[in-house]
Amino acid sequence: MWIGAKAVLFNNLTIGHGAVIGGESVVRKSVPSYAIVYDNPASVVKYRFPPEVIEKLLRMQWWDWEDERIMSMAQYSSAEEVVAAWEAGIL
């Protein structure tokens, strides 16, 4: 996840994997995975990827991979290509 400068997050929130919180936003509710939120109160502006890609990224649990495996993703130019490589057993 990424949290912009001067963002305010209230207690008892869940911030999903890969979420982006815009600077100076006031987050009062939990943020779904791979959502981009902004404003006061913060709301979902859009999602970083289509729903089927988000679902696969969450199933991959790539954040638990070894560093070398994560670094090998750099050869791909999009999340869709990473997912395709994972599904093909390349990653």
Open item on the list: For Ile54, only one of the following conditions fails: (1) under 22 Å from Val31 (Cβ atoms); (2) open to solvent by 80 Å² or more (accessible area, probe 1.4 Å). What is its number?
Closed with: (2)
Task: Leading residue by the ranking (nearest to Gly16 (Cα to Cα)) among those in the stretch 34-49 that are open to solvent by less than 50 Å² (accessible area, probe 1.4 Å) and out of contact with any helix residue (DSSP H, G or I) (no Cβ under 6 Å at 6 or more places or on another chain) - done: Ala35
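The values are calculated or read from the model by the stated rules, or taken from the named source; none is laboratory data. All of these numbers come straight from a predicted model, not from anything done at the bench. Every residue, glycine among them, receives a Cβ derived from its backbone with ideal geometry; neighbour counts consider all protein chains shown. In case anyone asks, the SASA skips ligands and DNA or RNA and just uses the protein heavy atoms, side chains included. Shrake-Rupley method; radii C 1.70, N 1.55, O 1.52, S 1.80 Å.
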